[in-house]
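The values are calculated or read from the model by the stated rules, or taken from the named source; none is laboratory data. The structure presented is a predicted model; accordingly, all values stated were derived computationally and were not measured. Don't worry about glycine lacking a Cβ; one is built from the backbone with ideal geometry, like all the others, and counts go over all protein chains shown.
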Amino acid sequence: MKAIAKKKPVSLNATEFGGTSSAVLEPETAPAVTAKLKVLLVDDHPITRQGMKALVNQQPNLEVCGEADNAPYAIELVGKLQPDLAIVDIALKTTNGIELTKNIKVQAPNLPVLIVSMHDEGLYAERALRAGAMGYLMKQEAGEKIIHAIQRLLQGEIYLSDKIKEKMLHRFVNKKGDSMVFSIDTLSDREMEVFQLIGNGYSTRQIAQKLNLSSKTIDSYREHLKLKLNLDSGAELVRHAIQWARNEGSM
């Protein structure tokens, strides 16, 4: 009985009929995976961060890469995580979002910052832009608007509501406003912070502790406030601040 000759295995690189071309089976190419853009959340309210995180992570091109509840840790995460965008609450435990934004822009000048707040945008939106933020958004806005604002910033655009854009344009064209608004707008960010805390009933010592400053420094801020707001006494300053806080809402 003759032995059956074994057939040689066919090589995928075998030359066909003496030709020079080879039949090579290319590996199947895997679909490209697009990296998600990283978002850093800075807010001292865990429930707010949880809701914002869920909203951001639902988007196909976004993911929350880190969370911070205070300014020092936020600065640390900016350097460590290299986020593509930071969402910053304006009211934090030891400082405010305006000051934090200034510090973020020193460390990461190209990082877009979206400031969110319960406070009226009519006052803080302009301050946010001057500090280096690219957008300002009220917290009570619908989720669709929040995502729209995020996407606008990631495209290098500025986001403000139609209401505040119209107001800013009106002020620019007419350069008018009542003395109360004009005076408030002349305050520095730190002076504004002290003024707001006075209006919310904080004493000099409590303000000093909250802002990590000396009582003597807070007294100096009080004097500056009286001069800028054209007020004659400390009691008048307190009444003025309380009236403003009632109109704008407490921190």
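Can you pull out every residue in region 209-248 that is within 22 Å of LEU123 (Cα to Cα) and of a type in the set (S, T, N, Q)?
Correct list: ASN230, GLN243, ASN247.
Is it true that some residue in region 140-147 is more than 20 Å from ILE90 (Cβ to Cβ), among the small types (Gly, Ala, Ser) and modelled with pLDDT under 90?
no
Looking at ASP69, ASP84, can you tell me which residue is modelled with pLDDT of 95 or more and not hydrophobic (A, V, I, L, M, F, W, C)?
The conditions single out ASP84.
Conditions (1) on the phi < 0 side of the Ramachandran plot; (2) without any contact (Cβ under 8 Å) to a residue 60 or more places away in the chain; (3) in contact with a helix residue (DSSP H, G or I) (Cβ under 9 Å, 6 or more places away or on another chain), marked per residue:
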| position | (1), (2), (3) |
| --- | --- |
| SER117 | yes, yes, yes |
| GLY135 | yes, yes, yes |
| GLU141 | yes, yes, yes |
| LYS145 | yes, yes, no |
| LEU153 | yes, no, no |
| ILE158 | yes, yes, yes |
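Quick one: in region 230-246, of everything that is touching a Leu at 6+ places or on another chain (Cβ under 7 Å) and part of a helix (DSSP H, G or I), which residue is nearest to ASP219 (Cα to Cα)?
LEU237
So which residues in region 197-225 are buried (at least 16 other Cβ atoms within 10 Å of the Cβ), in contact with a Ser or Thr (Cβ under 8 Å, 6 or more places away or on another chain) and without any contact (Cβ under 8 Å) to a residue 24 or more places away in the chain?
THR204, ALA208
What about GLU99, is it touching a helix residue (DSSP H, G or I) at 6+ places or on another chain (Cβ under 8 Å), surrounded by fewer than 24 Cβ atoms within 10 Å (Cβ to Cβ) and modelled with pLDDT under 85?
No, not satisfied.
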